[in-house]
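Worksheet: the structure to be examined is printed underneath.
The values are calculated or read from the model by the stated rules, or taken from the named source; none is laboratory data. Model, not experiment: these values are computed from the prediction. Cβ atoms come from the backbone with ideal geometry, glycine included; neighbour counts cover every protein chain shown. The area values use the complete protein model at the heavy-atom level, side chains included, leaving out ligands, DNA and RNA. Shrake-Rupley method; radii C 1.70, N 1.55, O 1.52, S 1.80 Å.
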There are 2 protein chains.
Amino acid sequence: MSNVDSMQKLFVNELRDLYSAENQITKALPKMAKAASSTELRTALEHHLRETEGQIQRLDQIFEMLGENPKGKTCDGIKGVLDEGSQMLNDAKEGDVRDEAMISAGQRVEHYEMAAYGTVRTYAERLGKPRIVELLQKTLEEEKAADKKLTEISNKVHQHMQHAA
Amino acid sequence: MSNVDSMQKLFVNELRDLYSAENQITKALPKMAKAASSTELRTALEHHLRETEGQIQRLDQIFEMLGENPKGKTCDGIKGVLDEGSQMLNDAKEGDVRDEAMISAGQRVEHYEMAAYGTVRTYAERLGKPRIVELLQKTLEEEKAADKKLTEISNKVHQHMQHAA
């Protein structure tokens, strides 16, 4: 069963995992944006949707450079994280609490991606693929910025709650 | 359906999610340690198992302080991440490649936990629970250190591969 017998194959395998992850995320983000009460949160989620589409294009470029097919794998990790996020959204009361629940779920997604992009960027370095390193680094920085943005919005939602109390 | 209608309830909900996550992790770590080829990786995973047991005790303490039951939730997020890790382990050839696959999976787990502990620590601060903040901060630092340790081991596995090539 051990069809992954080289770092090159592990690299492609992990890129396919990310390709599936990003595609799942593009389906989840519009639902999250629709459920947001804070305009800033909704705008941030919509912005991240466009960013995610750009990240998929980068992955497409990478697969073309490698002469590999991006498809054939389902990212079960992000599937679990998104299913849980969707559950958190449904369980939380509309308004500030639901916004906080979505921010929490969104930060789990961003952290999963930070780990995964950090790994493939390191593999690309080791495999001597500087152009691919550059593309993956760009996405990694976007994920980190998206995570920071969610922290900022959470602080504002908290202030809003205190003001309302 | 919106039974989570306050930050206090969201806080307890997220702590229950983490309680389930940590318990799932204690079941996965011995299998990972057994499958490791690098002695350093095996030792690190065994060390993290003991650390995780301590983290569960901290959560037990927190639930006692809150007068809440730790059970009643399954963490679907970590379930997905662990299922995927187990698949990666099975697909990868024994030796350095499998070690790298496990490190990659382990870093996804650590990042999930960093996001989740970061969230509950912030909630505890906002809810004015400094003793709980302290306990959660300790665990958060352990997760960050475990992630760094995995990066270090990955660099050594890479050196080992280059030496063998």
* region B:67-85, subset open to solvent by less than 30 Å² (accessible area, probe 1.4 Å) and over 17 Å from residue B:150 (Cβ atoms), residue farthest from the chain's Cα centre (by Cα) -> B:70
* Which number in (1) within 13 Å of chain A (Cβ to nearest Cβ); (2) part of a helix (DSSP H, G or I) marks the one condition that residue B:141 misses? -> (1)
* Asked: Do you know which residues across region B:64-104 are within 21 Å of residue A:87 (Cβ to Cβ) and either away from chain A (no Cβ under 14 Å) or among the aliphatic types (A, V, I, L, M) (or both)?
  -> B:68, B:69, B:70, B:71, B:78, B:81, B:82
* Listed residues B:59, B:45; which is open to solvent by less than 10 Å² (accessible area, probe 1.4 Å), within 16 Å of the chain's Cα centre (by Cα) and either of a type in the set (Ser, Thr, Tyr) or more than 9 Å from chain A (Cβ to nearest Cβ) (or both)? -> B:59
* **Selection from region A:113-137 of residues that are within 11 Å of another protein chain (Cβ to nearest Cβ), open to solvent by 10 Å² or more (accessible area, probe 1.4 Å) and among the small types (Gly, Ala, Ser)** => A:118
* Asked: Out of (1) crowded, with 16+ Cβ neighbours inside 10 Å; (2) more than 27 Å from residue B:121 (Cα to Cα); (3) acidic (Asp, Glu), what's the single condition that is false for residue A:143?
  -> (2)
* For region A:148-165, which residues satisfy the criterion of being within 12 Å of chain B (Cβ to nearest Cβ) and surrounded by 19 or more Cβ atoms within 10 Å (Cβ to Cβ)? -> A:150, A:154, A:157
* Which one of A:74, A:26, A:52, A:43 is out of contact with any helix residue (DSSP H, G or I) (no Cβ under 6 Å at 6 or more places or on another chain), of a type in the set (Ser, Thr, Tyr) and on the phi < 0 side of the Ramachandran plot? -> A:43
* To do: Among residues belonging to region B:86-104 that are small (Gly, Ala, Ser) and open to solvent by 10 Å² or more (accessible area, probe 1.4 Å), point out the one that is nearest to residue B:138 (Cα to Cα).
  => B:86
* **Residue that is nearest to residue B:164 (Cα to Cα) [pool: residues in region A:1-42 that are within 14 Å of chain B (Cβ to nearest Cβ), polar (S, T, N, Q) and over 12 Å from the mean Cα position of the chain (by Cα)]** => A:6
